[in-house]
Amino acid sequence: MAVTSGYITAEARQAFYEVMDAANVDLKAWRDEFYRKTCKGRIEPVKESIRRMHAAGVHVEVTTLIVTGENDSPDELKGIAGFLASLSPDLVWHVSRYHPDFEMSEPPPTPLETILRAVEIGRAAGLRFVYGGNVAGMCDTACPSCGAKVIERRGLSMVSMNLHGAACAKCGAAIPIILA
């Protein structure tokens, strides 16, 4: 799996598709103003990379670091969730909790309620796999058909897996996952 900001030239993108089966793309916000001010870039190339990777059959997961007062409004979160759901309800969205560190000592950590709201917004938009990142207990994978826990995690470690191949062991529903 590659981790990327989504800024990829057309030539590099084609080479990427030939060797990568999965990517985690940082979609930092939904407003171009945020990208211009904070990232010194634009949002559209990131969205285009997500679109093209998905269309090429790459397993795409998207991470958004939720920073209080910067990209945490319901409209912002609905924009991201709606965009991802328009591509596929099976795109994975990690909404991660911000913690002050290194060169960014403000604002305070993202409230847990904001992460819970982001997860709800993602699910309401139709996304079937939304996870609260940097929050204990919010990274398990449930079968979208029957609700059974198919992957249990603690931190970055997998504790148990209840799959038959890439299907739920309880009901047999396909789970869009890459098994290494």
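When you check A142 against the structure, is it more than 17 Å from D26 (Cβ to Cβ), out of contact with any strand residue (DSSP E or B) (no Cβ under 8 Å at 6 or more places or on another chain) and among the aliphatic types (A, V, I, L, M), yes or no?
no
Which ones in segment 29-47 are outside any loop (DSSP other than H, G, I, E, B), closer than 18 Å to D72 by Cβ and not aromatic (F, W, Y)?
Residues of segment 29-47 outside any loop (DSSP other than H, G, I, E, B): 32-39, 44-47.
Keeping just the survivors that are closer than 18 Å to D72 by Cβ gives 32-35, 37-39.
Of everything in segment 29-47, those that are outside any loop (DSSP other than H, G, I, E, B), closer than 18 Å to D72 by Cβ and not aromatic (F, W, Y) turn out to be D32, E33, K37, T38, C39.
Right, A174: of a type in the set (A, V, I, L, M, F, W, C) and either in the same structural domain as I115 (by TED's automatic domain parsing) or surrounded by 15 or more Cβ atoms within 10 Å (Cβ to Cβ) (or both) or not? Lay out the reasoning, then the answer.
Numbers: of a type in the set (A, V, I, L, M, F, W, C): yes; either in the same structural domain as I115 (by TED's automatic domain parsing) or surrounded by 15 or more Cβ atoms within 10 Å (Cβ to Cβ) (or both): no.
It is false that A174 is of a type in the set (A, V, I, L, M, F, W, C) and either in the same structural domain as I115 (by TED's automatic domain parsing) or surrounded by 15 or more Cβ atoms within 10 Å (Cβ to Cβ) (or both).
Return the pairs, sorted by first residue and then second, in which the second residue is assigned to a loop (DSSP other than H, G, I, E, B), the first residue lies in segment 111-130 and is closer than 22 Å to I151 by Cα, the beta carbons are less than 7 Å apart, and the residues are 6+ apart or on different chains.
Cβ pairs passing all conditions: I115/V135; G126/P89; L127/P89; L127/L91; R128/P89; R128/D90; R128/P144; F129/D90.
Which one is surrounded by the most Cβ atoms within 10 Å (Cβ to Cβ) among residues in segment 88-109 that are hydroxyl-bearing (S, T, Y) and over 11 Å from the mean Cα position of the chain (by Cα)?
The qualifying residue surrounded by the most Cβ atoms within 10 Å (Cβ to Cβ) is Y98.
Do you know which residues across segment 57-87 are surrounded by fewer than 16 Cβ atoms within 10 Å (Cβ to Cβ) and small (G, A, S)?
G57, G69, S73, S86
Determine which single condition T114 fails, assuming it passes every other condition in (1) farther than 23 Å from G69 by Cβ; (2) outside any loop (DSSP other than H, G, I, E, B).
Condition not satisfied by T114: (1).
Kindly provide the set of residues from segment 1-29 that are free of Cβ contacts under 8 Å to residues at least 12 places away in the same chain and either aliphatic (A, V, I, L, M) or within 19 Å of G82 (Cβ to Cβ) (or both), ordered by number.
A10, A12, A15, V19
Hey, can you tell me all the residues within segment 1-54 that are over 25 Å from P176 (Cα atoms), loosely packed, with under 15 Cβ neighbours inside 10 Å and either of a type in the set (A, V, I, L, M, F, W, C) or under 13 Å from the mean Cα position of the chain (by Cα) (or both)?
A10, A12
Out of D72, D32, I need the residue that is in contact (Cβ under 8 Å) with a residue 40 or more places away in the chain and in the same structural domain as P100 (by TED's automatic domain parsing). Which one?
Only one candidate passes the filter, namely D72.
If A136 satisfies every condition in (1) loosely packed, with under 15 Cβ neighbours inside 10 Å; (2) aliphatic (A, V, I, L, M); (3) within 17 Å of L179 (Cα to Cα) but one, which is the exception?
(3)
Any idea which of (1) closer than 28 Å to T38 by Cα; (2) at pLDDT 90 or above is the one M138 doesn't satisfy?
Among (1) closer than 28 Å to T38 by Cα; (2) at pLDDT 90 or above, M138 violates only (2).
The values are calculated or read from the model by the stated rules, or taken from the named source; none is laboratory data. Nothing here was measured: the structure is a model prediction, and the numbers come from that model. With ideal geometry, Cβ positions are generated from the backbone for all residues, glycine too; neighbour counts draw on all protein chains shown.
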